[in-house]
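S.K.: Starting off with a structure, shown below.
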Amino acid sequence: MNFSVKALSLSVAAALLMMGCGKNEEAPKPAATAPVAPAATVVKIGHVGPLTGGIAHLGKDNENGARLAAEEANAAGIRIGGAPVTFEVIGEDDQGDPKVGNTVAQKLVDAKVVGVVGHLNSGVSIPASAIYNQAGIPMISGSSTNPALTEQGFAGVFRVVGRDDQQGPAVANYLVATYQPKTVAVIDDATAYGEGLANEVEKTLKAAGVTVLPREKGTDKTADWKAILTKIKGKQPDAVFYGGMDATGGPLLKQARELKLAAVFSFGDGACTDKMAELAGAAAEGLICSQAGIPVQAAGKSFTDAYKAKFGIDPILYAPFTYDSTKLLIAAMQKADSADPAKYLPALKAIDFTGASGTIRFDEKGDRKDAEMTIFTLKDAKITPLAIIKGGKSLTLDEYAALVAPPAAK
Amino acid sequence: MDILLQQIINGLTTGSVYAIVALGYTMVYGVIQLINFAHGEVVMIGAMVAFSVIMAVVGMGLPLPPVVIVLGGVLAAIPVCMAIGYLLERVAYRPLRHAPRLAPLITAIGMSIVLQHLALLIWGRDPRAFPQIMENTSHAIGGAAISSVQIAIILLSVAMMAGLTWFVYRTKFGIAIRATAEDVRVAALMGVDANRVIAVTFVIAAALGAVAGVMVGTYYGIAHYTMGFILGLKAFSAAVLGGIGNLAGAMLGGILLGLVEALGAGYIGEFTDLCQWPVARDLLAERCMADGHVVLFGSNYQDVFAFLVLILVLVFRPSGLLGERVSERA
C-alpha cells in the first residue's frame, strides 16, 4: 500500500517536472535564435504586463510586440558606442496588480535594465513609474491611458497612446452625437484605468446635458454582472458605458442581452478587442468602443506580417505600441550612441520616430503629441473602425490612410 | 417589483451553484475535518474539460442536438474531476491524515496552486468563451426574465441535492459515510473501510464540482483558469454559513448567500444613497444638488457580502445556521 502511494506521488512529481521542462524550453527561444556575436554587449530592456490572470492575453500581446522589436534590432546588427550590442527583453509578470507591479519593477531595476516598456494597466504603471524614476530608468507605456501617469513630473515617463481625458470625451461625444441618449448608466471595474476613464466619460456626458445614473462598480475579476444589470435595467437607460477590460466586459454585455437590456453599449480601449465577439457571442454585435490610438488595421503592414509570422496569431490590441516603444528606446540609444539611461534620455525626449503606430513625438509631459483616438463598432465578430479622431477632426479609416500614406507604408 | 423578482431569480441561480460547490466542501469536512481548498480548482477543471469537449464536438459539426453536446461535456468532465478528486485524496491528503491539522491545510492550498497552473499550461491564459450552442431563450414571469439556462441550473441543482441526500441517508454506503464522519476509528472497528469511504467522499464531491463547473461556464459564458478561486472561497463561506459538515446547511447556506449577494448588490446603493435620508440630505445639500446622489456603499461591495456574512457568522454563531455535526462526536 505504502509503496503504491509513493510510486503514485513520484509519477505525479515526474509529470509535473516534465511539464515544467516543457515550459522552460519555450522561454530561452528568443535568446537562442538571436545572432550572438562573441563580443556583443547585452543591453537589457524590461517589459512588464500581466502574464497571468484575466487579461493575460493582452499582457502577452504587449510582450510579443516588445520581443519582436528587439529581435528585429538584433537582426539588424546595431552598434552602440562602436561595439555590437544584443538587446535582451526581460519579460516580467505584474499580474495586473499594483503590489506585484512594484515588486517586479524593483526586480528590473536590480537587474540593471536600461529602459522599461510597460506596464499595461494604468493602476500598475502609476506606482511603478516612481520606482523607475528614482532609479533614473526611462519607461514607456504602450497602453496606460490614465492621465495621472504623466502628470507626476517624472522626466523619464512616457506613453505612446492617448490619454483618457482625450479618450473619454471622444467616446462620449460619439455616443451623444450618434444616439442622442437621455439617460446613460456608467459602470467601472474599480481600477485606476476603468474608474478614471468612466469619470471622463461621465464628465463629458453631463456637460452635454445627459442624465447619468449613479455609478455602478464591479471588480477586474467580476463574472456575475446580473445583479448590477438588473438594477440598471429598472432605470431604463438609453446607453451604458463600461470602463474595464474585455475579460469582464464580454460577460457583462452577454448578461445584459440575456436580461433584455436594450441600451446601446459602449466600452473603452481595454474592452475594444475581437475577443469581445468571442466572449459575448452574438450579443457583442453593434457595441461601440474606443481605442487610444490608431486601429491595429492601420498599423504598419510590415509589423502586422512580422508579428503573425513570428507568433502565429494576429496582434490583439496594443502590440504595435509596445513594439514602437521598444524601437523608440533603441532608436534613442543609437542616436545618443549610448545605452546609459542618463545619456540617451535627452534623445528620447526629442525623438521624432515613425513606427507601426504612426509618427511619435513627445510633449514636455511625456505624452504622445497629436495622439489619435479611434471609435469602433463590432461588426461580423470583428471590431471595425468607424472614425479616427485626430486633432479634433473625425476621419474615416480611408481618409486617415490617405493622410498618413507615406509613413504608414514604412 | 419585477426588478426584485429578477434579483431573486439571479440570486437563486448563483445560490444553487454555490450550494452544489459548498456540498463538496462540507462532505469532505464532514468525514475528515479538512477544508479541501483545492475544491474550487476541481470546479474550474470541470468547466475547462467540458469546454474542450463541447468545442471539439461543435468543431466536428455533428448534427447533434445542443442539449446532447452539453450533456456530453458534463459526462466527460465528471470522470476527469472524479479522477482528480481521487488523486488529491490519495497523493496529497492520505499521507497526512494523522499529521497536525495545519499540514493538510497547507497541502490543500498547494494542490490548489498546482491545479491552477496545470490548467494554465493546458488551456492557456485567455478567458475561454463557452460556445453558445443552447438557444438561451428568456421566459417572462411577472415582468422578470428567466433564461432556460437558469431554469436548467436550478432544476439540476435541486435534483442533485435530492440525490445526494438520498444517497447519504438511504443507502448502505451513506450509512458508512455517516459512521465515518462520526468517528473514523470506531467506524473502522465496525468493519467500515474508512479509506474507501473517504476516497469515495472525495470522488462524489469532485463529481458535484464538475457539474457546478459546467453550470458556471454555461451561465456566465466564460471559463478561465483562475475562476475557481473566488467561486471556491464563496462556496466555502456558504458552507460555513450553513454549518460546515452539515449537508442541509451547505444547501441552505449556498442559496442564502446567492440571494444576499444579488439583493445586496441590487439595493445597497439605494439604501445608502445619503441624499434620501433627511439629516444627511441637509448636511450634504450642496453635493446632492450637484450630483443627485451621494452613495456610501455601491454595488462594488457585491463580493464583500459573502465574506461579511462569513465574518458575522463566525462571530455570532461559529457553528453556522444549522450547526455543525462535530457536536455529536463530543
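Read-outs throughout are calculated quantities, based only on the coordinates presented, and are distinct from any laboratory measurement. What you are looking at is a predicted structure, and each value in this text was computed from that prediction instead of being measured. Neighbour counts run over all protein chains shown; Cβ positions are idealised from the backbone, glycine included.
S.K.: What list of ³J(HN,Hα) couplings, whole Hz, do you get for the stretch A:252-268 from phi and the Karplus terms 6.51, -1.76, 1.60, once you set θ to phi - 60° and write x for glycine and proline?
M.R.: Couplings: 4, 5, 4, 5, 5, 5, 5, 7, 6, 8, 8, 5, 6, 9, 9, 9, x Hz.
S.K.: Can you tell me the 0 to 90 degree angle between the C-alpha axis of helix B:66-87 and the longest principal axis of chain B, rounded to 10?
M.R.: 60
S.K.: Here's something else I'd like to know. How many angstrom separate the Cα center of the stretch A:71-142 from the Cα center of the stretch B:1-61?
M.R.: If we compute the Cα centre of each part, the gap is 40 Å.
S.K.: Hey, another quick one. Using a ≥ b ≥ c from the Cα gyration tensor of the stretch A:164-291 (square roots of the eigenvalues), is it rounded, prolate or oblate, where a/c under 1.5 gives rounded and otherwise the larger of a/b and b/c decides, a/b for prolate? Write down the numbers at each step before the final one.
M.R.: Numbers: a/c = 1.37, a/b = 1.20, b/c = 1.14.
Verdict is rounded for the stretch A:164-291.
S.K.: Something else about it: What number, rounded to the nearest 500 deg cm²/dmol, is the helix-based mean residue ellipticity at 222 nm of chain A, given -39500 (n - 2.57) per DSSP H run of at least four residues and division by all its residues? Please report the intermediate quantities before stating the final value.
M.R.: Numbers: 15 runs with 185 residues, N = 410.
Mean residue ellipticity at 222 nm (helix-derived): -14000 deg cm²/dmol.
S.K.: What is the packing order of peptides A:332-344, A:43-55, taking the mean over residues of other C-beta atoms within 10 Å and listing the highest first?
M.R.: Output ranking for A:332-344, A:43-55: A:43-55, A:332-344.
S.K.: So if I take the centroid of the Cα atoms in the stretch A:342-356 and the same for the stretch B:185-222, what is the distance between those two points in Å?
M.R.: Value for the Cα centre distance between the two parts: 60 Å.
S.K.: Another question, if that's okay. Restricting to chain A, compute how many DSSP beta bridges are antiparallel as a %, nearest 5.
M.R.: Values: 20 of 52 bridges.
Once the DSSP bridges in chain A are tallied, antiparallel ones form about 40 percent.
S.K.: Enumerate the amide H contacts of A:Val117 below 5 Å, restricted to partners 5 or more residues apart or on another chain; note that Pro and chain-start residues carry no placed amide H.
M.R.: The answer is A:Gly46, A:His47, A:Val48, A:Ile140.
S.K.: List the residues whose amide H sits under 5 Å from the amide H of B:Arg128, counting only those 5 or more places along or on another chain, with H placed 1.01 Å from N in the peptide plane.
M.R.: B:Ala223, B:His224
S.K.: Residues in the stretch A:130-172 near a label at A:Ser394, defined as backbone nitrogen under 20 Å from the 7 Å Cα→Cβ point?
M.R.: Output list for this probe position: A:162-172.
S.K.: Sorted by packing (mean other beta-carbon atoms within 10 Å per residue), highest first, where do B:6-13, B:196-203 land? Walk me through the intermediate numbers first.
M.R.: Details: B:6-13: 23.5, B:196-203: 20.9.
So the order, starting with the most tightly packed, is B:6-13, B:196-203.
S.K.: Within 10 Å of each Cβ of B:298-309, how many other protein chain Cβ atoms are there on average? Present the calculation step by step, with values, prior to reporting the outcome.
M.R.: Values: counts 7, 13, 12, 1, 9, 5, 0, 0, 0, 0, 0, 0.
Mean shielding count: 4.
S.K.: Show me the ranking of peptides B:14-21, B:73-80, A:77-84 by mean Cβ neighbours inside 10 Å, starting with the highest.
M.R.: Working: B:14-21: 28.9, B:73-80: 21.0, A:77-84: 13.5.
Per-residue mean Cβ counts within 10 Å order the peptides as B:14-21, B:73-80, A:77-84.
S.K.: Within 10 Å of each Cβ in peptide A:213-220, how many partner chain Cβ atoms are there on average? Round it to a whole number, please. Don't jump to the answer; show the numbers that get you there.
M.R.: On the way: counts 3, 11, 6, 7, 8, 6, 4, 0.
Per residue, the average neighbour count from other chains is 6.
S.K.: Can you compute the FRET efficiency between B:Ile151 and B:Leu64 using 1/(1 + (r/R0)^6), with r the Cβ-Cβ distance and R0 = 22 Å? Round to the nearest 0.05. Walk me through the intermediate numbers first.
M.R.: On the way: r = 21 Å, r/R0 = 0.97.
Using R0 = 22 Å, I get an efficiency of 0.55.
S.K.: Scan the stretch B:11-117 for trypsin sites (Lys or Arg not before Pro) in coil per DSSP, keeping those whose Cβ has at most 16 other Cβ atoms within 10 Å, and list them by number. Could the numbers behind the result be given before it?
M.R.: Details: sites: B:Arg90, B:Arg97, B:Arg101; in loops: B:Arg97, B:Arg101.
Counting only loop positions with at most 16 other Cβ atoms within 10 Å, the trypsin sites (Lys or Arg not before Pro) in the stretch B:11-117 are B:Arg97, B:Arg101.
S.K.: I've got another one for you. Using a simple spin-label model with points 7 Å from Cα along the Cα→Cβ vector, what separation in nm is obtained for B:Val158 and B:Ile141?
M.R.: 0.8
S.K.: Per-residue ellipticity at 222 nm for chain B, helices alone: DSSP H runs ≥ 4 residues times -39500 (n - 2.57), over residue total, nearest 500 deg cm²/dmol?
M.R.: Counting only the DSSP helices, I get -24000 deg cm²/dmol.
S.K.: Another question about this same structure. Give the distance, in whole Å, between the Cα centre of the stretch B:300-318 and the Cα centre of the stretch A:256-275.
M.R.: Result: 32 Å between the Cα centres.
S.K.: Would you mind giving the mean number of other chain beta-carbons within 10 Å of the Cβ of each residue in B:62-69, as a whole number?
M.R.: Mean partner shielding for this stretch: 0.
S.K.: Could you give the nm distance between label points at A:Thr359 and B:Leu274, where each point is 7 Å from its Cα heading toward the beta carbon?
M.R.: My value for the distance between the label points is 5.0 nm.
S.K.: Given a Förster radius of 30 Å and the C-beta distance between B:Val315 and B:Glu286 as r, what FRET efficiency does 1/(1 + (r/R0)^6) yield to the nearest 0.05? Please list the in-between numbers first.
M.R.: Details: r = 38 Å, r/R0 = 1.28.
Efficiency for this residue pair is about 0.20.
S.K.: I would also like to ask the following. Which whole-number percent gives the relative contact order of the stretch A:164-291, counting Cα pairs below 8 Å spaced six or more residues apart?
M.R.: Details: 245 pairs, mean separation 33.6, N = 128.
Contact order relative to length: 26 percent.
S.K.: Applying 1/(1 + (r/R0)^6) with R0 = 25 Å to the Cβ-Cβ distance of A:Ala75 and A:Ala155, what FRET efficiency is obtained, to the nearest 0.05?
M.R.: Values: r = 32 Å, r/R0 = 1.27.
In this case the efficiency is close to 0.20.
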